[in-house]
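Computed from the coordinates by the stated procedures, all read-outs in this text should not be read as laboratory data. Computed from a prediction, not measured in an experiment: that's the story for all the values here. Here the Cβ positions follow ideal geometry from the backbone for every residue, glycine too, while neighbour counts run over all protein chains shown.
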Amino acid sequence: MLFLAHPLFLIGLAAVAVPVVVHLFDLRRYRKVYFSNVDRLEALQQASRHESQLRRRLLLASRIAVVVFLVLAFANPSIDRGGDTLQPGTTAVSVYIDNSFSMLQQATDGDLLECAKRKAAEVASAYSPGDRFQLLTNRMAGEEFHWLDRDDFLAAVDELTVSPNSVMLSEAVRRQQGFLHDAQVANRRAYVVSDFQRTTSDVACLPDSAFSDAPCTFIPLRAATVDNVYLDTLVFDAPSFRVGDRVVVEVRLRNASGRMLEQVPLYLYADGRRRAQSAVTLAPHGETVVPLHFVVDHGGAVEGCVVTSDSPVTFDDTLFFAFNVARRISVLEIYGNSPNPWLHRLFASDTTLLFRAVSAADGAALLSSAAAGSGYDCVILDEVEQLSSRLVQTLHDYAGRGGSLVVVPPSNADRQQYDALLQPLHAPLLDGWSTGAVQVSGIDFDNMLYRSVFESRPDNSETPRFNGRHRLKNVGSTVSQPLLTLPAGEAVLSVFYSSSQRPCYLFAAPLREEYTDLVAQPLFVPTLYNMALYSCPPQQPYHLVSDDGPPVDLPYSVTSPATLSGIYGAADGAQQGSFTGMPRITATGGRSRLSASNLVSSAGCYRLSTPSSETLSLAFNYQRRESVMEFLSDDELPDYAGRTLTLAAERPVALHAGHASSLSHLCLWTALVMLLAEVLLARGRRNRPAKE
C-alpha cells in the first residue's frame with residue numbers, strides 16, 4: 001500500500017502551473033526578413049515544424065516532472081511492506097505518552113505535548129484499523145488499561161491534557177510490557193513518546209529483559225533548553241501554633257540553571273495579604289534556604305503561599321501552605337499524693353488550655369474510657385509512687401494511640417514498676433538516685449521544644465540547678481535524646497519516642513523546689529507549655545498532588561461524612577476554582593486520616609468540613625520532580641539490538657517500524673534527472689537558429 005508521510009506538501013503541486021503558463025505564452029520575438037525567392041525557406045520550415053513542436057512539449061514535460069517529483073520527495077511517499085516484519089494476524093500496540101509538566105515546553109511546531117499527540121496519531125496510522133491500541137499516560141488510571149480500536153484510540157489521544165503526576169520510565173515500560181504480555185495477539189509493539197527528562201528517566205533500571213515481551217520504540221521530543229528557578233520545599237519552625245505566635249517559614253529555593261541569578265524575589269502571602277518578602281542571590285545550580293516570618297493574628301485555618309517570579313516554567317513558582325491554629329489543648333495530670341502546685345499555676349489560668357488533675361486510681365479509669373482517653377492531648381504522670389498494672393497498661397495504650405506522655409518520677413520511685421512502664425515505650429530507665437547540687441550545662445537549642453524560645457543562648461548562671469535526681473540509663477531499645485544535661489553529660493530531661501513516633505518526655509527529678517529550682521526559673525514555663533502545645537499532632541505545611549499519594553494525617557479526629565472544597569490560597573485570598581468532593585476518612589487509634597489522592601488534581605488550599613467539627617484547611621502542591629530541565633540524549637536511551645529502537649521525531653513512524661519503504665530518494669533522483677533533461681533540451685533549443 002502506497003501512502004504519504006507528509007501529505008500537506010502536495011500543496012506545492014500548484015507550482016506546476018508556472019511552466020504551463022510559460023509554455024502557453026511563448027514571448028520570444030520573431031523578426032521578418034524579406035527575400036526575393038522564399039521557396040527554399042518555406043520547404044525548410046515545413047520540414048522542422050514537427051521537430052520543434054516535439055522539443056517544446058518535451059521541455060514542458062521535463063519542467064512539470066521536476067516540480068512534481070520535488071514535491072513528492074518532500075511528501076515522502078512510502079510503500080507498506082506489511083508481512084516483512086509482522087506476522088499475519090492482529091497487532092497490539094501500546095503507546096505511552098509522557099504528559100507531565102515538562103511536556104508544556106515549546107518546540108518549533110507547538111508545545112511538546114501536542115507534538116506527542118500528533119506522533120501517537122501517526123503510530124496508529126502506521127497500523128491496520130483492525131489492530132488493538134492502548135494509550136498509557138502519567139495518570140496510570142484504570143480506564144487506560146483497556147484495549148481500544150483505532151478510532152477510540154485517536155479520540156483518547158485528542159482529549160489528552162497535561163497531568164501533575166510524573167511516572168518513572170521504568171514503571172511505564174513495566175506496565176506496557178505487562179499489558180502486552182497478556183494480550184492474545186500475533187504481534188506486539190510498544191512506543192514511548194517523551195522528552196525523557198533526566199529526573200524521571202531511570203534507564204539503569206531497564207535491562208534487556210525489560211523488553212522481553214515486545215519491541216519498544218523510543219520517540220524523544222526536543223525543546224529548547226530553558227533555565228528554571230523553583231521553590232523546592234517549605235517547612236515551619238514549630239509543629240503547631242497559637243494566636244500571637246511568630247511563624248517562621250523556611251523556604252528552599254533552587255537554581256536549576258548555569259547562570260548566576262541576583263535579586264530573585266520571594267513573597268509570602270497569608271490570608272490574602274502580603275506578610276513578608278525577600279530577594280536572594282543564587283549561584284549556578286545552587287540553592288538557599290530563606291526564612292520568612294509572620295504573626296498569627298486569628299484562630300482557625302490559616303492559608304497562604306510563597307511565590308517567586310520565573311518564566312517560562314511556572315508550575316513550580318508557588319508553594320501553598322496551610323495550618324490550623326491549635327484549638328483548646330487538654331492536659332491531664334495524674335498525681336501521686338497531691339497535685340503539683342506549679343503545674344496548676346501554669347496551666348489552670350490559661351484559657352486556651354483545659355487542665356485537669358486526678359489521682360492515680362481515677363486516672364487509670366479515665367484513660368481506660370475510649371471516649372475520654374482519646375480526648376487528652378498531653379498526660380503528665382506526676383510523682384506516682386505505686387504504678388498499678390492497669391495504669392501501666394493504660395498509659396501504654398495512650399502512648400500507642402499517639403498521645404504525648406510526660407513522666408515525672410518521685411524520689412523514691414519503685415524502679416521495677418517504672419521499668420515496666422518505660423522500657424516498652426523505648427524510654428531511658430531509672431538507675432539509682434544521686435544527690436548533690438549540680439547546674440545544667442547543656443540545652444538542646446535545636447530541639448523543637450526550645451528552638452523558638454531563646455533569642456540568644458543563656459550563660460550558665462541562668463540555667464537551673466538540680467539538688468537530687470535519678471540517673472537515667474539507656475538500654476538497647478531506647479530511642480531518646482537528652483534535652484537538659486549536666487556537666488558530666490548526665491541527662492535530667494530526655495525526650496523519647498514510643499511506637500507511634502510521638503514525643504514523650506522523662507524528667508530525672510520531681511518538679512518541686514527541694515529537688516530543682518527549674519520550677520522557679522523562666523525556663524520552666526516554655527518547657528512545660530511547649531510540651532503541652534506540641535502534644536497536638538504536627539501539621540505538615542502541605543501535601544503532594546498525586547494519584548497514589550499516602551493518606552493525610554488530620555490534626556484531630558474527624559468523622560464522615562466530610563466535604564473537601566476549594567481551591568483557595570491565592571495571593572489575593574480569593575477562591576481559585578470550584579471543587580467539591582467527598583473524601584474517604586479512616587480512624588486509627590483516635591486519629592483520623594484522609595485519602596484525597598483521587599480527588600485533588602490542582603495545587604492550592606482545600607477546606608475540609610463536617611457537620612460536627614470545625615473546618616480544617618489542607619494545602620497541596622505539585623511535585624518538584626519535573627523542575628530540573630535536563631534531558632537524556634538519544635545516545636543515553638536504552639539500545640538493545642532487536643528489542644529497542646530510537647526514532648527521531650521528524651522521521652515517519654511507519655519507516656522505522658520496519659514495514660514500509662520510502663520512495664523519497666527515488667523521487668529526488670528522478671527530479672534531478674528531469675532537471676538535467678530540461679537543461680539539455682533548453683540548450684539545444686537555444687543553439688538552433690531563430691525562427692524566421
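Pairs of alpha-carbon atoms within less than 8 angstrom and 6+ residues apart define the contacts here; what relative contact order does the stretch 384-446 have, in percent?
On the way: 32 pairs, mean separation 21.3, N = 63.
It comes to 34 percent, rounded to a whole number.
Can you run phi through the Karplus equation (6.51, -1.76, 1.60; θ = phi - 60°) for the stretch 103-112 and list ³J(HN,Hα) in whole Hz, with x for Gly and Pro?
So the J values, rounded to whole Hz, are 6, 8, 5, 7, 10, 5, 10, x, 6, 5.
Pull up all non-local amide H partners of I380: gap of 5 or more, or a different chain, and H-to-H distance under 5 Å with H placed in the peptide plane.
Counting only residues 5 or more places away or on other chains, the set is L332, E333, I334, V406.
Lys/Arg Cβ at +1, Asp/Glu Cβ at -1, dipole of the chain taken about the Cα centre: which of L160, L422, T352 is farthest positive-ward?
L160
How large, in Å, is the stretch 137-242 by the Kirkwood hydrodynamic radius built from its alpha-carbon pairs? Before the final figure, lay out the partial values.
Numbers: mean 1/r = 0.0593 Å⁻¹.
Evaluated on the stretch 137-242, it is 16.9 Å.
Let's test this: bin the Cα-Cα distances of the chain at 10 Å from zero up to the farthest pair and state each bin's percent.
3, 12, 16, 15, 14, 12, 9, 6, 4, 3, 2, 2, 1, 1, 0, 0
Given the convex hull of the Cα atoms of the stretch 272-344, what is a quarter of its surface area in nm²?
Details: hull surface 37.2 nm².
Computing the convex hull of the Cα atoms and averaging its projections yields 9.3 nm².
With θ taken as phi - 60° and the coefficients 6.51, -1.76 and 1.60, list the Karplus ³J(HN,Hα) couplings across the stretch 177-189 in order, rounded to whole Hz; mark glycine and proline as x.
Karplus-based 3J(HN,Hα) across the stretch 177-189 equals 5, x, 5, 5, 4, 7, 6, 8, 9, 7, 9, 9, 9 Hz.
In the chain, what percentage of the DSSP-assigned beta bridges are antiparallel, given to the nearest 5?
Details: 86 of 127 bridges.
In the chain, approximately 70 percent of DSSP beta bridges are antiparallel ones.
Name the residue from P510, A283, A14 whose Cα lies farthest towards the positive end of the charge dipole of the chain, charges +1 on Cβ of Lys and Arg and -1 on Cβ of Asp and Glu.
So the residue furthest toward the plus end is A14.
For the stretch 229-321, what class follows from the C-alpha gyration tensor (a ≥ b ≥ c being the square roots of its eigenvalues): rounded when a/c is under 1.5, otherwise prolate if a/b is larger than b/c, else oblate?
Values: a/c = 2.50, a/b = 2.10, b/c = 1.19.
Prolate, since a/c reaches 1.5 and a/b exceeds b/c.
For the stretch 329-533, what is the per residue volume of the convex hull drawn over the alpha-carbon atoms, in cubic angstrom?
Details: hull volume 22.8 nm³, N = 205.
Hull volume over Cα atoms, normalised by residue count, gives 111 Å³.
Let me know the charge dipole size of the chain about its Cα centre in debye, to the nearest 20, where only the beta-carbon of Lys, Arg (+1) and Asp, Glu (-1) is charged.
Result for the chain is approximately 3220 debye, rounded to the nearest 20.
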